[in-house]
There are 4 protein chains.
Amino acid sequence: MIVVMKEGAKQEEIQAVVQLLQSKGLGVHVSPGEEKTIVGVIGPKERVLELPVESMPGVEKVVQVSNPFKLASRAFHPLDTIVRVGQVEVGGEQPPVIIAGPCSVESLEGILEIARAVKQAGAHMLRGGAFKPRSSPYSFQGLGELGLKYLARAREETGLPVVSEVMEIEALPMMVEYVDVLQIGARNMQNFPLLKAVGKTDKPVLLKRGLSATIEEWLMSAEYILSAGNPNVILCERGIRTFETYTRNTLDLNAVPVVRHLSHLPVIVDPSHGVGKWQYVTAMARAGIAAGAHGLIVEVHQNPAEALSDGQQSLTLENFANMMEEVQAIASAMRAVRATKVPVGK
Amino acid sequence: MIVVMKEGAKQEEIQAVVQLLQSKGLGVHVSPGEEKTIVGVIGPKERVLELPVESMPGVEKVVQVSNPFKLASRAFHPLDTIVRVGQVEVGGEQPPVIIAGPCSVESLEGILEIARAVKQAGAHMLRGGAFKPRSSPYSFQGLGELGLKYLARAREETGLPVVSEVMEIEALPMMVEYVDVLQIGARNMQNFPLLKAVGKTDKPVLLKRGLSATIEEWLMSAEYILSAGNPNVILCERGIRTFETYTRNTLDLNAVPVVRHLSHLPVIVDPSHGVGKWQYVTAMARAGIAAGAHGLIVEVHQNPAEALSDGQQSLTLENFANMMEEVQAIASAMRAVRATKVPVGK
Amino acid sequence: MIVVMKEGAKQEEIQAVVQLLQSKGLGVHVSPGEEKTIVGVIGPKERVLELPVESMPGVEKVVQVSNPFKLASRAFHPLDTIVRVGQVEVGGEQPPVIIAGPCSVESLEGILEIARAVKQAGAHMLRGGAFKPRSSPYSFQGLGELGLKYLARAREETGLPVVSEVMEIEALPMMVEYVDVLQIGARNMQNFPLLKAVGKTDKPVLLKRGLSATIEEWLMSAEYILSAGNPNVILCERGIRTFETYTRNTLDLNAVPVVRHLSHLPVIVDPSHGVGKWQYVTAMARAGIAAGAHGLIVEVHQNPAEALSDGQQSLTLENFANMMEEVQAIASAMRAVRATKVPVGK
Amino acid sequence: MIVVMKEGAKQEEIQAVVQLLQSKGLGVHVSPGEEKTIVGVIGPKERVLELPVESMPGVEKVVQVSNPFKLASRAFHPLDTIVRVGQVEVGGEQPPVIIAGPCSVESLEGILEIARAVKQAGAHMLRGGAFKPRSSPYSFQGLGELGLKYLARAREETGLPVVSEVMEIEALPMMVEYVDVLQIGARNMQNFPLLKAVGKTDKPVLLKRGLSATIEEWLMSAEYILSAGNPNVILCERGIRTFETYTRNTLDLNAVPVVRHLSHLPVIVDPSHGVGKWQYVTAMARAGIAAGAHGLIVEVHQNPAEALSDGQQSLTLENFANMMEEVQAIASAMRAVRATKVPVGK
């Protein structure tokens, strides 16, 4: 941490800062500059991050030098983490993992039809919501446990592991029985009690980035799960909120190489929520893989115009099969070119 | 709802849309335009809002004509709601209600000292966090139930009702015992199970706007609480996330007159989180009242440089007393000028 | 400037940074931290700001310690600047200055009617566009020189100085003949050749904040004008672009106390563009004054429903007179309370 | 255009709207809904877009149904436009065009070295700034005409057409002599006089998206150039401003498929400004091509640590050669998969 004093800060103001820091057992290093004095602070980052030095007289600003996350950082764990879900491996140099399925589980026939089709097209896991966070209390809120049962049936038939969102701690014991990966939705990215609770399970967690979460905050939320004891976190970029309204969100693919640089955790991309209109999903799926994502999660529906939620961003079964071909072509091309050299900028 | 068809949409595409809508029991009104055909849809808004017409062939876009909220809307409840907390009344033409106190309750002596001082300066309620949502798992997470007990003691001594944040459903029974107003924090604005749960209590709820929530989404979250049976919702604007980094957040005072126009619920302002630096809190408190807010919630600490959280945005006891004077001067001036005429634009 | 080296940066990487800096004649101060080495850089800020140290091996990030603006900073010029326009003084502790008028000058009768009415209601200057930046090439682009002539006529009759936007250097000689204050619109805030050109005139300049300009960038644009020799810059907050779409822009009143803290230049507020709907203009005008703005610029039209531009955000003559009463009540209240004490946080 | 009346709008208010519209020669179609009456408006879009109906009593909101751009729209010009620059073709199904070079031209030797290297690596055009828009008046502003001469020399030697930014109308005659493509920078995207001026030349124009411009506004700026008579516009996505600060901007690749859907104009991507750190440029270059961009513009410098501007986001010559290999692998893979089928969602 660096404390920048104001121009003309008084000697006693500088001393007060130094004394506060020393009283907390931190190392202090004062550099008197031409315009401004700078106080460098050395010590364990957890302690340093919490000091309200900024409110002291004569202080202009405080600059954090360390990343606030530890277990999630590549410095702590230099090799890529590979998360295993049954036979599927997500992360590192594994081929991209594709998770596909409807926004909500709506019926047994529906989920079975979709599961068979996405498996045939090459998907590795099945997604489907049983408990849905909806901005309106009057919207379809999911089938609940029945939806979970249908997902389990689809897994039984196809062998695809299933991913579904958990919205509250109370539902966790039930979810754990049925699903292979617990999804934390964007709206719950900073629901800290829930993060701690999934951190105490042994299920892999798919952690979506919040609508307006910085990359740092997202990694801090991963830190909550990791520090509760669960090392199996898959990050998922799903679009951030910007001023642009033509797309539902702005899929921030920049986050992919950045996260791969800052962290060892796998990172996948959700082009369906990211762009919000099915017409553009395939292009963003290709781009996500090309940016270096470890996989995709994509909404697919056998009849989008009849979907109970998110129909406008769901691919038909046929469009999904097309998307798979394009995505695999990109992934192969990247593997081929990588085989010949050390990658640049990951 | 209005469905705008693409230029050159085929007759059978238009018919398919019409048939889908009619099959749901909705009224339909087709206007063939020069460039584009428009299909007007008439029916109960809950049903209309859920249709994935946008994924149908030939459809360009769907425009919602109605607000999605109902119980929260002024159309449904034309008169201002006044929320009563003990003797205090929030909303309507009542004088602004000032809620003050520390970010976190840290000690009994501390909270008592602050409570006495803010009461003396004219505050109407006491705030203080016992369970704190912190972006880092390594940060101070609040005193828990002990903090609630201290708050209750401060209420006993000063008579000020207390406001504290509830972060999870499990903690709700305990919270209800101690606090007068349940606060839903910005990060939980779309934690729908929690919203439903507080909606089933009989405590007033202070609902903070999410960091990147539109005004409409915020009112929809209020709708969750109202539709669960609790009519006592106080909205709180606390800053949104924008590109500007000089301030911690961007306090969006525009939301104050807009919410007063769209809804009957009281709306207050949190200048402390809104701007994030104590130096600017008083100016934004004045501006909030001048914009028409029904009150303020302000962070105050007896020694900000030693605060365990949010010290940089907390007012000292003395600065708070100064703020109260300025805010009351503005409130009086507004009452005086209003007394002489019908207000413009509320 | 502070250079933060990566964890595990090699000694020769640190040396390379030090040597580069020293070769530019800058003072250098190395602090080896527990995790990361920090290199403090001392020297004239113009030179320091330009170094691409961030691209050097082993460098994690570069943190600017100084503000990049100089002539615009309060450190350089501690007392408030007061800009004089004829008899009108903008800035410092002067009563707020109100600038009112139509978006575009549309006819001589129209501008005269508005000018008389706003003068009577207490406005101090007249605004009106003759050259209009419109996002569509097919929209009304203003009356051009004829509009300037009409403005000059209105000034002759009412004595109100006139403010109008200059969009290009070519038009500057003509503008200078007719107007009292040159407005730089939000879209041109970083049109640097234009900033330099108005900096060479002796007319006061009203510099609007760009739609997505940080406060720092805005002050840097003022620096362009100041450094070209023109000290008479009035800053104008007019709303920034955020995700919220209910309002046209998000008027960022937080910028008012921040600018008053960082700079000596006067800062006024444009609630009309800031919120974009006339219903909310009065509330935001009040809030702007309460936040400490040195004035307002407000769109007024004798018949908004017939306006050729921005009708939806224009006040009628009657609503403007009401707004003036409310704003003056707030300004008086602030003066009264200030008279009794030293202001807090300005 | 659709006018949505308020709930309970009076019959005379509806009539007033209808009469205003009819008085402008527009067709009007009234649909009385259950809650709200809707007035559909039919007529030439230029006229419809300009009506301030929103300020009329009883009107809730106005919804635009048509895109405001015409010449830039795919409806107007269904086939892809291919812009020719010497031998190079940009757009349609042509292989991606790579434009590379330094942020600023700094010396003759420098630009020659870079030009040779990028040509050898497979680049198709050379970029380099001679007049630089810098947020600080104290920053290096470019070599001016000398820089243009150096660019011309580099073209002479390598045969690469050159791209350089024009910042003001005055400089246009000189620019036109030296450069092959006129670049309009992000800060000037809404400098309408400049857009009109380049629209009157016969040089292709590279139009960068503004920092906070919606896709619609960007296409409207293209419309300015097209409607002035110049059909050769290449759009360039270069990152938008969001709340995320880890990256310099947020490269919005979603815009690529959207623009290809809405418009016939070619669209390329600038990953250097888009992400702002050289480490991530290659990943975003790959992603841009995979998203369907018609090309890239990339900053390359022979010694980024000594660059006079943007060193931190410039690739070295070697890294650029690596990037080219990766990008070409992706482009080939896409062509191969496309050859076998009709593309989905473009």
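Could you check, for region B:122-136, whether at least one of its residues is hydroxyl-bearing (Ser, Thr, Tyr) and away from chain A (no Cβ under 14 Å)?
No, there is no match, as no residue in region B:122-136 is hydroxyl-bearing (Ser, Thr, Tyr) and away from chain A (no Cβ under 14 Å).
Can you tell me which of (1) part of a strand (DSSP E or B); (2) open to solvent by 50 Å² or more (accessible area, probe 1.4 Å) is the one D:Gln183 doesn't meet?
The single condition D:Gln183 does not satisfy is (2).
Would you say C:Leu207 is closer than 30 Å to D:Lys61 by Cα and more than 13 Å from chain D (Cβ to nearest Cβ)?
So C:Leu207 does not fit the description; no.
Against the condition over 20 Å from B:Ser272 (Cα atoms) and open to solvent by 50 Å² or more (accessible area, probe 1.4 Å), how does B:Lys61 come out, does it pass?
Against the criterion (over 20 Å from B:Ser272 (Cα atoms) and open to solvent by 50 Å² or more (accessible area, probe 1.4 Å)), B:Lys61 qualifies.
Which residue is farthest from the other protein chains (Cβ to nearest Cβ), if the candidates are limited to region A:306-316 and must be open to solvent by 10 Å² or more (accessible area, probe 1.4 Å) and assigned to a helix (DSSP H, G or I)?
A:Glu306
For the list (1) in a helix (DSSP H, G or I); (2) farther than 23 Å from C:Gly239 by Cβ; (3) open to solvent by 10 Å² or more (accessible area, probe 1.4 Å); (4) away from chain A (no Cβ under 13 Å), I need the number of the one condition that B:Asn319 fails.
(4)
So for region D:241-252 (the condition being more than 12 Å from the chain's Cα centre (by Cα) and farther than 30 Å from B:Asn249 by Cβ), does at least one residue qualify?
no
Please specify each residue of region A:236-255 satisfying the condition of being within 7 Å of chain D (Cβ to nearest Cβ) and either touching a strand residue (DSSP E or B) at 6+ places or on another chain (Cβ under 8 Å) or among the aromatic types (Phe, Trp, Tyr) (or both).
Once the filter is applied, which keeps residues that are within 7 Å of chain D (Cβ to nearest Cβ) and either touching a strand residue (DSSP E or B) at 6+ places or on another chain (Cβ under 8 Å) or among the aromatic types (Phe, Trp, Tyr) (or both), region A:236-255 yields A:Ile240, A:Thr242, A:Phe243, A:Glu244, A:Tyr246, A:Thr250, A:Leu251, A:Asp252, A:Leu253, A:Asn254.
How many residues are under 23 Å from the mean Cα position of the chain (by Cα), over 30 Å from B:Gln328 (Cβ atoms) and at the interface with another protein chain (Cβ under 7 Å from one of its Cβ atoms) if we restrict to region C:269-305?
Result for region C:269-305: 0.
What are the residue pairs meeting all of these: first residue in region B:173-186, first residue of a type in the set (Phe, Trp, Tyr), second residue open to solvent by 10 Å² or more (accessible area, probe 1.4 Å), Cβ atoms under 6 Å, and 6 or more apart or on different chains?
Within 6 Å, the pairs are B:Tyr178/B:Ala152.
If you go through region A:194-205 one residue at a time, do you hit one that is within 21 Å of A:Ala293 (Cβ to Cβ) and in contact (Cβ under 8 Å) with a residue 24 or more places away in the chain?
yes
For region A:1-81, which strands (runs of 3 or more DSSP E) that fit wholly inside it have 2 or more residues that are at pLDDT 80 or above, more than 9 Å from chain B (Cβ to nearest Cβ) and under 35 Å from the mean Cα position of the chain (by Cα)?
Values: elements: A:2-5, A:27-32, A:37-42, A:59-63.
By residue number, A:2-5, A:37-42, A:59-63.
Go through the residues of region A:333-342 one by one and say whether even a single one is closer than 22 Å to A:Val205 by Cα and either among the aromatic types (Phe, Trp, Tyr) or in a helix (DSSP H, G or I) (or both).
The answer is no; no qualifying residue exists.
For A:Ala287, which of the numbered conditions (1) modelled with pLDDT of 95 or more; (2) outside the structural domain of A:Val162 (by TED's automatic domain parsing); (3) of a type outside the set (D, E, K, R) fails to hold?
(2)
Please work out which residue is surrounded by the most Cβ atoms within 10 Å (Cβ to Cβ), limiting yourself to region D:92-142 and to residues that are part of a helix (DSSP H, G or I) and among the β-branched types (Val, Ile, Thr). Walk me through how you get there before you give the answer.
Start the filter on region D:92-142 by keeping residues that are part of a helix (DSSP H, G or I), which leaves D:108-121.
With the extra rule that they be among the β-branched types (Val, Ile, Thr), the set shrinks to D:111, D:114, D:118.
Numbers: D:Ile111: 26, D:Ile114: 27, D:Val118: 29.
My answer is D:Val118.
So in region A:150-176, with the set limited to residues that are part of a helix (DSSP H, G or I), out of contact with any Lys or Arg (no Cβ under 6 Å at 6 or more places or on another chain) and over 26 Å from B:Gln190 (Cα atoms), which one is least open to solvent (accessible area, probe 1.4 Å)?
Within region A:150-176, the match that is least open to solvent (accessible area, probe 1.4 Å) is A:Ala154.
The values are calculated or read from the model by the stated rules, or taken from the named source; none is laboratory data. These numbers come from a predicted model, not from an experiment. All Cβ positions, even for glycine, are placed from backbone atoms using ideal geometry, and neighbour counts span all protein chains on display. Just the protein is used for accessible areas: all its heavy atoms, side chains included, with ligands, DNA and RNA removed. Shrake-Rupley method; radii C 1.70, N 1.55, O 1.52, S 1.80 Å.
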